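See structure below.
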Amino acid sequence: MEPISRFGGNIKSVVHRREKKTKLGLVPVTVVLEIGDRGRFRKILSELRAQGVKITHVGEKEELSERVVLMAGRMGVEDLREITERINRKGGARISDMRLSMGKEEMAVRLRLNGKDERTLEEALSLLEKVAEERGLLLVKALEERS
Amino acid sequence: MKVIVVGFGNLGKALVRILSQKRDFLERRYGLSPQIVAVVDEYGALVKEGGFTARELQGLVERGRVVGGKRMSGREVIGEVEGEVVFELTPTNIETGEPGLSHIREAMLSGKHVVTSNKGPLVVAFRELEELSKKRSVEFRYSASVGGAIPVISFAKKLLTGNRILAIRGVLNGTTNYILSRMSQEEVPLDIVVREAQELGIAEKDPSLDLEGVDTACKITILANAVLGRNAKLREVKREGILRVTPEVIRLAHEAGFAVKLVGTASDRLLEVGPRLVPLHHPLAVSGTLNAVTFELDLAREITLTGFGAGPQETSSSLLGDLVDIHQSLASR
């Protein structure tokens, strides 16, 4: 459990499934945890594997891949609707959360993107980059973390 | 070891003062006795072949500029005065690299080793200067050009030798980091914080090279060439500065657990500078004028160096480190 707490994970439950012990005598364990970002989650998985833990199943795929991104500039609600539609039309990724903040003349928006895997998220981010360039918006991506 | 100092601004003055102050330490610890034989600025050149005394150097630093010297240019002094190491500390020009580029060429052609903090020549003609230094068998060091006091380049070249460097990411500009940190603390617009930074001497009168990310892009170009062995050009760096970062952006980032930092990245496939969301717990999330550089490595995973990225005394630390390094390299030849 140490790697989970070290990287800021919050353990919700731990279930030892002794009735499903393997032929080698290993006990399957189901751990449910909460963690704020994908990078740290990857670090936990990698650390557990390094310690010899065999990870057989990792949650729901869709919940695995997440990116936070910010956009800012002169835009309105119609622009946000179009951005959402373009992401949805592309498929594979969706905007799971959107927060707005209005300045004097410009708007800033924070988007949380979820995707079925890293590739679809990268594609969605490329689409956002294209939109930002077309409309002269600032796009602030999260720091790429080591995988 | 006879030393010529070309460029006598704040950094040149700090270096002269520190070389004088550390004379005993350098002698005792490394057997190194630097003697300053010439100091050049835009007003002229003071030359003393036997080396200036500590008292003379102190007077020079107090006056703040070369007074009563010879009417000689930097190139003439470098070419004509006998010396072993040239400190090239003139102001940076990223378009032409001059006058630093001509100074460095002249030094190498006349068989002198070079230490510089000047990003201009490194951005304009890095490969040419590296090759010229090898051809003329002279040492060429430029630690102070990136990271100020943080030994980014020498750390990568000397201590990471067993690792493959996958990427270098860094908060490499103290001015923009100060501005973003203050915007985060006070929730005020960029232009107000820029004025505050100018009053404190943290931002230049014309801070556009910092705010537009050009300074960071120069450093990324130097790191790509010096550490990753690329032949990168400044124009190849994809660049966005912090001019469009608003307090709203910073607030939304903070609510989601991120700081907004101007991050430069160099890897085999990428050269870019832009505002990035950096997790608040991440080692690159440094505040104020601090710089931080993370090396992503195949074996050691990640190593981050943090420290003061600017300031005459701090940057002199890198210049002095380069001088000692040259002294040791020459001893082991």
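The values are calculated or read from the model by the stated rules, or taken from the named source; none is laboratory data. None of the values given here were measured: they were computed from a predicted structure. Cβ sites come from the backbone with ideal geometry, for glycine too, and all protein chains shown count toward neighbours.
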Members of region A:56-90 that are touching a residue at least 24 places away in the same chain (Cβ under 8 Å) and on the phi > 0 side of the Ramachandran plot = A:Gly73
In region B:191-221, the residues that are outside any loop (DSSP other than H, G, I, E, B), more than 17 Å from B:Ser145 (Cβ to Cβ) and touching a residue at least 12 places away in the same chain (Cβ under 8 Å) = B:Val193, B:Val194, B:Glu196, B:Ala197, B:Leu211
Is there a residue in region B:153-160 that is without any contact (Cβ under 8 Å) to a residue 40 or more places away in the chain and aliphatic (A, V, I, L, M)?
-> yes
Among the candidates A:Asp79, A:Asp117, single out the residue that is buried (at least 17 other Cβ atoms within 10 Å of the Cβ), over 19 Å from B:Ile242 (Cβ atoms) and away from every other protein chain (no Cβ under 12 Å).
-> A:Asp79
Could you pull out every one of the helices (runs of 4 or more DSSP H) wholly within region B:1-99 that has 1 or more residues that are more than 19 Å from B:Gln313 (Cα to Cα) and acidic (Asp, Glu)?
-> B:23-30, B:54-63, B:74-80
Unmet criterion (only one of (1) modelled with pLDDT under 95; (2) under 23 Å from B:Asn118 (Cβ atoms); (3) surrounded by fewer than 18 Cβ atoms within 10 Å (Cβ to Cβ); (4) not aromatic (Phe, Trp, Tyr)) for B:Ala203 | (3)
Return a yes/no flag: does region B:265-272 have any residue that is within 22 Å of B:Tyr142 (Cβ to Cβ), away from chain A (no Cβ under 13 Å) and assigned to a strand (DSSP E or B).
-> yes
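Rundown of residues vs (1) farther than 30 Å from B:Leu200 by Cβ; (2) in a strand (DSSP E or B); (3) within 14 Å of chain A (Cβ to nearest Cβ); (4) β-branched (Val, Ile, Thr), yes/no style:
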position: B:Leu223; (1), (2), (3), (4): no, no, no, no
position: B:Leu228; (1), (2), (3), (4): yes, no, no, no
position: B:His254; (1), (2), (3), (4): no, no, yes, no
position: B:Ala259; (1), (2), (3), (4): no, yes, yes, no
position: B:Val263; (1), (2), (3), (4): no, yes, yes, yes
position: B:Arg276; (1), (2), (3), (4): no, yes, yes, no
position: B:Glu296; (1), (2), (3), (4): yes, yes, yes, no
position: B:Ile326; (1), (2), (3), (4): yes, no, no, yes
position: B:Ser329; (1), (2), (3), (4): yes, no, no, no
Sole miss for B:Val188 among (1) crowded, with 20+ Cβ neighbours inside 10 Å; (2) assigned to a loop (DSSP other than H, G, I, E, B) is condition (1)
Do the conditions hold for B:Ile179, that is, is it more than 13 Å from chain A (Cβ to nearest Cβ), in contact (Cβ under 8 Å) with a residue 60 or more places away in the chain, among the β-branched types (Val, Ile, Thr) and crowded, with 24+ Cβ neighbours inside 10 Å?
-> yes
Number of positions in region B:134-175 that are outside any loop (DSSP other than H, G, I, E, B), of a type in the set (S, T, N, Q) and closer than 18 Å to B:Ala266 by Cβ | 3
Candidates A:Leu139, A:Leu128 - the one that is surrounded by 14 or more Cβ atoms within 10 Å (Cβ to Cβ), in a helix (DSSP H, G or I), assigned by TED's automatic domain parsing to the domain that holds A:Asp79 and of a type outside the set (Gly, Ala, Ser) = A:Leu128
Please find, within region B:207-221, the residue that is surrounded by the most Cβ atoms within 10 Å (Cβ to Cβ) out of those that are within 14 Å of another protein chain (Cβ to nearest Cβ) and farther than 13 Å from B:Arg276 by Cβ.
-> B:Leu211
